[in-house]
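The values are calculated or read from the model by the stated rules, or taken from the named source; none is laboratory data. Everything numeric in this text was worked out from a predicted model, so none of it was measured. Note that each Cβ is placed from the backbone with ideal geometry, even for glycine, and that neighbours are counted across all protein chains shown. Remember, those area values only see protein heavy atoms, side chains included, never the ligands or the DNA or RNA. Shrake-Rupley method; radii C 1.70, N 1.55, O 1.52, S 1.80 Å.
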Amino acid sequence: MKIKNSIAVLTAFGILHAGAGLCQTGEPWKASSEVVEKLSKSRSEFNYYEEKVPAYTLPDVLADASGSKISSAKEWKNVRRQEVLELFRKNVYGRIPPTPYTKSFKLVNEDKNAMNGDATLKQVDITLASEGKSLVIHLTLFLPNNAKKPVPVFLLIDNRGPANTDPSRKVKSEFWPAEEAIARGYGIAVFYNADVDPDNYDEFRNGIHAVLDRGERPPDAWGTIAAWAWGASRCMDYFETDKDINRKKVAVLGHSRGGKTALWAGAEDQRFALVISNESGCGGAALARRRFGETVSRINTSFPHWFCTNYRKYNNNEDALPVDMHMLLALIAPRALYVACADQDLWGDPKGSYLALYHSVPVFQLLKTKTSLPGIMPPLNKPVIGGKVAFHVRDGVHNLLLKDWNWFMDFADLVLK
Ligand code: GTR
């Protein structure tokens, strides 16, 4: 096996630890007691103590609605995957309305000599229209000039605004490190989530809801996260038309609310070959039943527009949820999945995110992907790669940094190249 850059060796279980030399070094990650104390003081109504996590039982991802065991890839694909997807539509993110719409792509700017000749910049307007109403997603894309085409592409769901994704590259941001991706032979694309739906509770009068919703909204009508995820799929529609892009090698990623969105986009749209969730926390990769850091009740109160209204039934009632987030992660299988967390971001529950990933692994295994993870968390700043899944806890606070991206690209080198 070819070992690239910082990716080091394999254990008996086929698990790679990046950046660790010949074997895993350091202790499994654990929240620092100082951070726990500090956060507990500032948000005393939320739990940051591991010992206060309640006992819980996760729903069995590999048992169908009648309780029968799912034991073949065929049963997963034909029965259980669809059931799990429906449970998430109905209870968490909501359902995309079946309203017909038209879409068109317009290349509004192209610069074949961007980044001093290293890249081609394309700016594409994606117009979505229905019955006289429309909106435009402004897609920005750099493709490497010196790489063999078609290239793999990273698509960032940008929840922080266009200031982080300057097409002129006068302003650079680690949030979307375009030069670094280009240097490694990847295309890198981005759209601003608010193009699809503004990130505030407007009773769904704006954004794509205003274009596609008809009549009264049922309790499983799509929320804003589902709308953003749908927007990522419309970017994928464009990628499929661009011959310089390898449509089989598109990674979708997002940070925080964008990470929740990337996971749901990957669940709904199996064209994404790699899904990356950075610090997605509650409503993303973190197990809801742990009630660690942000809770279902808090997220539905602070962000009443993100999920479908059915999700509110689980406020302070997590055990009644017919799903938990290991099942969302399982929906990505057999494609590649990276879950990343940050050491000081306990609000987003790094341990609960690792556990969700760990408990999704049986589905990756059923689909014959040679995937496995150790039962303990990797050390700080040491990504663990176990076949089709990867995970890290980076030092520092809630953010998406070049350090995270470098590890994502190391993983992509293995699973996309
Ligand atoms: C927080 C929210 C998190 C996370 C974050 C973000 O306020 O509680 O769920 O999504 O925002 O998106 O930065």
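Some notes on this structure:
- Projecting the Cα atoms of A163, P150, L107 onto the charge dipole of the range 75-174 (Cβ charges, centred on the Cα centre) puts P150 farthest toward the positive pole.
- Split the accessible area of the chain by element, probe 1.4 Å, and carbon with sulfur accounts for 52%.
- Low-density loop positions, trypsin sites (Lys or Arg not before Pro), the range 330-375 - DSSP coil, at most 15 other Cβ in 10 Å: K368, K370
- Our note on the geometry: Cα centres of the range 190-261 and the range 312-375, 22 Å apart.
- Counted by Cβ distance under 10 Å from L287, the other residues give a net charge of +1, where Lys and Arg count +1 and Asp and Glu count -1.
- Checking the cross-link pairs K69/K388; K248/K382; K368/K388; K249/K388; K77/K368 against a 18 Å limit on the alpha carbon distance flags K69/K388; K248/K382 as lying beyond it.
- Net length available on complete extension from Y56 to K248 is 65.3 nm, with 0.36 nm assigned per residue and the Cα-Cα distance removed.
- All lysines inside 22 Å of K52 as judged from Cα atoms, apart from same-chain residues fewer than 8 positions distant: K30, K38, K41, K351
- Partners of K112 within straight-line reach, counting lysines whose Cα lies under 18 Å from its Cα and excluding those fewer than 8 residues away in the same chain: K122, K148, K149, K170, K243.
- Along principal axes, Cα extents of the chain, largest first, whole Å: 57, 55, 48
- Phi to ³J(HN,Hα) by Karplus 6.51 cos²θ - 1.76 cosθ + 1.60 over the range 222-233, Hz, x for Gly, Pro: 4, x, 6, 4, 4, 5, 4, 4, 4, x, 4, 5
- Only Cα pairs under 8 Å and 6+ residues apart enter the sum, and on that basis the relative contact order of the chain stands at 19 percent.
- Test item: Cα-centred dipole of the range 104-206, Lys/Arg +1 and Asp/Glu -1 on Cβ, debye: 500
- Per residue, the accessible area of the chain comes to 40 Å², computed with a 1.4 Å probe over protein heavy atoms only.
- About its Cα centre, the chain has a charge dipole of approximately 1040 debye under the convention of +1 per Lys or Arg Cβ and -1 per Asp or Glu Cβ, with nothing else charged.
- Neighbour cut-off at most 12 other Cβ (10 Å), DSSP loop, trypsin sites (Lys or Arg not before Pro), the range 136-208: K148, K170, R205
- Working from label points 7 Å from Cα in the Cα-to-Cβ sense, the F46 to K30 distance is 2.3 nm.
- Comparing P219, P378, P350 in a Gaussian network model of the chain (Cα springs below 10 Å), the most mobile by mean-square fluctuation is P219.
- Computed E for S173/T102 - FRET, C-beta separation, R0 30 angstrom, nearest 0.05: 0.35
- Among S33, S297, S173, residue whose mean-square fluctuation peaks in a GNM of the chain (springs only between Cα atoms under 10 Å): S33
- Choice from L143, L39, L274 with maximal GNM fluctuation in the chain (Cα, 10 Å cutoff): L39
- For the range 402-413, putting each phi into the Karplus relation 6.51 cos²θ - 1.76 cosθ + 1.60 with θ = phi - 60° gives couplings of 4, 4, 4, 4, 4, 6, 4, 5, 4, 5, 4, 4 Hz, in residue order, rounded to whole numbers and with x for Gly and Pro.
- Extension gain, D202 to S297, is 32.2 nm, computed as 0.36 nm per intervening residue step minus the present C-alpha separation.
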